[in-house]
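The values are calculated or read from the model by the stated rules, or taken from the named source; none is laboratory data. Because the structure is a prediction, the values reported are computed rather than measured. Ideal geometry is used to build each Cβ from the backbone, glycine not excepted, and the neighbour counts take in all protein chains shown. Accessible surface is based on the protein model in full, side chains and every heavy atom, while ligands, DNA and RNA are left aside. Shrake-Rupley method; radii C 1.70, N 1.55, O 1.52, S 1.80 Å.
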Amino acid sequence: MTATKLLLGQTLAFAGNPFDVAPDEAAQYNRRGAVLIRDGLIAEVGVADTLRAAHPDAAITDYGDGLIMAGFVDAHVHYPQTGIIASWGKRLIDWLNAYTFPEEMRFGDRAYAGQISETYLDFTASHGVTTMASFCTIHPESVDAIFSAAQKRGQRIVAGKTCMDRNAPDGLRDSAQSAYDDSKALIGKWHGVDRLSYAITPRFSPTSTPEQLKALGDLWAEHPDCLMQTHLSEQTDEIEWVLGLFPEARDYLDTYEAFGLLGEKGLYGHAIHLEPRERDRLREVGAGLVHCPTSNTFIGSGLFEMQSLMAQGQRVGLATDTGGGSSFSMLRTMASAYEVGQLRHTPLHAAQLLWLATQGSARSLHMEDKIGNLAPGLEADLVVLDLNSTPEIAQRNARAEDIWESVFPTIMMGDDRAIRATWINGQAITS
Ligand code: GUN
Ligand code: ZN
């Protein structure tokens with residue numbers, strides 16, 4: 001018999017969507033709750049005393065006032081940009097050329113890619129992030145590196161070879177055919193192995209020829225169970241560039257749609273400056289939009305329209321966009337989403353922020369039946385938050401009258417000190 005583990009603390013799960021119903025209706029909160037873990041899965045969630053009495057042999061970890069919830073899911077990152085995060089002063093296209101492309105060039109070296117993969121997964125674990133969807137570089141080695149590192153850790157991850165066959169420097173371009181062949185080989189090698197999933201990954205329309213977009217659209221049609229991740233309408237000058245490169249296109253989204261790259265399992269990063277037709281099509285197909293607030297403010301891209309997109313019934317996830325985003329922390333990312341909401345005169349509730357960082361992102365990855373909540377049968381990927389991690393936060397939390405007021409200062413002022421523990425696949429991660 002495998003050992004069962006019982007975690008005690010405050011517990012927070014979601015039974016509903018706090019964008020649709022009131023926070024207290026959406027949430028299942030227990031002041032003294034428990035999570036029973038068996039074989040890497042959540043077996044039961046309930047009241048501490050009850051589960052303790054029912055499972056006297058379970059190995060107990062008592063987190064006291066710690067808040068146990070689903071691990072954070074980061075729905076859009078570029079792990080190869082770990083080393084150039086927080087690079088100063090440029091907007092998107094110049095930022096790519098000045099900082100990103102030179103660094104991504106280095107990932108043909110499997111050893112370097114392996115080293116950054118390990119560093120990145122150490123950083124994210126220390127921030128309570130248990131799953132991410134990552135772009136790699138054009139090099140298959142960069143995909144092997146992150147999948148190998150995640151596999152060793154028993155971690156659920158989505159990743160894919162970034163494809164670019166134009167408007168990128170020498171040494172950082174593939175071709176329509178090699179993008180197809182390499183991506184197909186990587187799907188065969190990694191997709192569905194352990195907790196690893198492959199995402200077909202055209203970087204964005206400006207760096208792919210129509211031929212490459214078509215080849216990747218064809219590949220997606222052959223592997224419809226794969227996700228497809230890309231970028232959409234991040235900056236206004238990017239949009240103008242796209243429309244110049246694709247004169248036939250009705251709008252930016254059409255440059256994907258025309259080549260079979262619009263679908264329910266598509267993940268579209270940023271999606272800030274959308275035309276009504278684009279919104280309607282994204283909604284119709286049920287595609288995933290990924291909000292990357294620290295990136296959108298850092299690179300100066302614009303303000304995501306969370307409230308109206310959610311009201312429209314879009315599938316929205318939350319992400320750091322490492323390293324266009326300026327932090328590995330999903331707490332900082334939630335704080336930034338709150339601030340973007342304020343600038344749009346629609347502040348997000350703490351329940352909405354926590355939901356986006358877990359359920360929302362898991363739904364965007366079509367993995368809500370596996371991760372993103374505290375519920376029996378889901379994988380035991382968890383984060384435990386210390387809601388009194390600094391004197392500044394503790395003195396504010398002392399005045400809190402409910403769980404939302406209690407967790408909000410940790411969201412807004414928290415950093416990795418608030419991450420008391422991260423559990424991946426039923427194991428506590430210690431760094
Ligand atoms: N658009 C195309 N590539 C990228 C990237 O690496 N980061 C961001 N933020 N936007 C992009
Ligand atoms: Zn990105």
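Residue count for region 253-275 under the criterion of being of a type outside the set (D, E, K, R) and farther than 23 Å from Gly360 by Cβ: the result is 4. Among the residues of region 164-195, those identified as open to solvent by 60 Å² or more (accessible area, probe 1.4 Å) and either in contact (Cβ under 8 Å) with a residue 40 or more places away in the chain or among the charged types (D, E, K, R) (or both) are Asn167, Asp170, Arg173, Asp181, Lys184, Ala185, Lys189, Asp194.
Within region 315-325, is there a residue that is more than 16 Å from ligand 1 (Cβ to nearest atom), within 16 Å of Thr358 (Cα to Cα), modelled with pLDDT of 95 or more and open to solvent by 10 Å² or more (accessible area, probe 1.4 Å)?
Taking region 315-325 and keeping what is more than 16 Å from ligand 1 (Cβ to nearest atom), we get 315-316.
Restricting the remaining residues to those that are within 16 Å of Thr358 (Cα to Cα) gives 315-316.
With modelled with pLDDT of 95 or more added as a condition, the list becomes 315-316.
Retained after the next criterion (residues that are open to solvent by 10 Å² or more (accessible area, probe 1.4 Å)): 315.
Yes, region 315-325 contains a residue that is more than 16 Å from ligand 1 (Cβ to nearest atom), within 16 Å of Thr358 (Cα to Cα), modelled with pLDDT of 95 or more and open to solvent by 10 Å² or more (accessible area, probe 1.4 Å).
May I ask you to say which residue of Val129, Val158, Val73 is at pLDDT 95 or above, under 22 Å from Ser329 (Cα atoms) and out of contact with any helix residue (DSSP H, G or I) (no Cβ under 7 Å at 6 or more places or on another chain)?
Working: Val129 fails: out of contact with any helix residue (DSSP H, G or I) (no Cβ under 7 Å at 6 or more places or on another chain); Val73 fails: out of contact with any helix residue (DSSP H, G or I) (no Cβ under 7 Å at 6 or more places or on another chain).
Val158 is the lone residue from the list that is at pLDDT 95 or above, under 22 Å from Ser329 (Cα atoms) and out of contact with any helix residue (DSSP H, G or I) (no Cβ under 7 Å at 6 or more places or on another chain).
Out of everything in region 119-152 that is among the polar types (S, T, N, Q) and in contact with a strand residue (DSSP E or B) (Cβ under 7 Å, 6 or more places away or on another chain), what residue ends up being most open to solvent (accessible area, probe 1.4 Å)? Among those that are among the polar types (S, T, N, Q) and in contact with a strand residue (DSSP E or B) (Cβ under 7 Å, 6 or more places away or on another chain), it is Gln151. Each residue in region 404-415 was checked for being more than 15 Å from Gly64 (Cβ to Cβ) and out of contact with any Ser or Thr (no Cβ under 9 Å at 6 or more places or on another chain), and 7 of them qualify. Among the helices (runs of 4 or more DSSP H) confined to region 140-238, the ones with at least 1 residues that are within 16 Å of ligand 2 (Cβ to nearest atom) and under 28 Å from Leu121 (Cα atoms) are located at 140-152. Considered as a group, the residues in region 410-427 that are outside any helix (DSSP H, G or I) and of a type in the set (A, V, I, L, M, F, W, C) include one that is surrounded by the fewest Cβ atoms within 10 Å (Cβ to Cβ), and that residue is Ala421. State all residues of region 202-226 that are more than 16 Å from ligand 1 (Cβ to nearest atom) and open to solvent by 10 Å² or more (accessible area, probe 1.4 Å); if no residue qualifies, say none. Of everything in region 202-226, those that are more than 16 Å from ligand 1 (Cβ to nearest atom) and open to solvent by 10 Å² or more (accessible area, probe 1.4 Å) turn out to be Pro210, Glu211, Lys214, Ala215, Asp218, Trp220, Ala221, Glu222, His223, Pro224, Asp225.
Checked against (1) buried (at least 20 other Cβ atoms within 10 Å of the Cβ); (2) touching a residue at least 60 places away in the same chain (Cβ under 8 Å), Ser87 passes all but a single condition, namely (1).
Kindly check whether there is at least one residue in region 347-368 that is touching a residue at least 24 places away in the same chain (Cβ under 8 Å), within 26 Å of Ser87 (Cβ to Cβ) and within 14 Å of ligand 2 (Cβ to nearest atom).
Step one: list which residues in region 347-368 are touching a residue at least 24 places away in the same chain (Cβ under 8 Å), which gives 348-367.
Checking which are within 26 Å of Ser87 (Cβ to Cβ) leaves us with 357, 361.
Imposing the further condition that a residue be within 14 Å of ligand 2 (Cβ to nearest atom) reduces the set to none.
No, region 347-368 contains no residue that is touching a residue at least 24 places away in the same chain (Cβ under 8 Å), within 26 Å of Ser87 (Cβ to Cβ) and within 14 Å of ligand 2 (Cβ to nearest atom).
Residues of region 292-305 that are more than 21 Å from Met367 (Cα to Cα) and either within 16 Å of ligand 2 (Cβ to nearest atom) or open to solvent by less than 10 Å² (accessible area, probe 1.4 Å) (or both): Pro293, Thr294, Ser295, Asn296, Thr297, Phe298, Ile299, Gly300, Ser301, Gly302, Phe304. Within the bounds of region 265-278, is there any residue that is open to solvent by less than 10 Å² (accessible area, probe 1.4 Å), at pLDDT 95 or above, assigned to a helix (DSSP H, G or I) and out of contact with any helix residue (DSSP H, G or I) (no Cβ under 7 Å at 6 or more places or on another chain)? No, every residue in region 265-278 fails to be open to solvent by less than 10 Å² (accessible area, probe 1.4 Å), at pLDDT 95 or above, assigned to a helix (DSSP H, G or I) and out of contact with any helix residue (DSSP H, G or I) (no Cβ under 7 Å at 6 or more places or on another chain).
Filtering region 244-253 to residues that are open to solvent by 20 Å² or more (accessible area, probe 1.4 Å) and either under 19 Å from Gly269 (Cβ atoms) or modelled with pLDDT under 95 (or both) leaves Leu245, Ala249. Being under 25 Å from Tyr338 (Cα atoms) and without any contact (Cβ under 8 Å) to a residue 60 or more places away in the chain is a property that Thr320 lacks. When you scan region 14-113 for helices (runs of 4 or more DSSP H) that lie fully inside it, which ones turn up with 3 or more residues that are within 16 Å of ligand 2 (Cβ to nearest atom)? The helices (runs of 4 or more DSSP H) meeting that bar are 92-95, 101-104.
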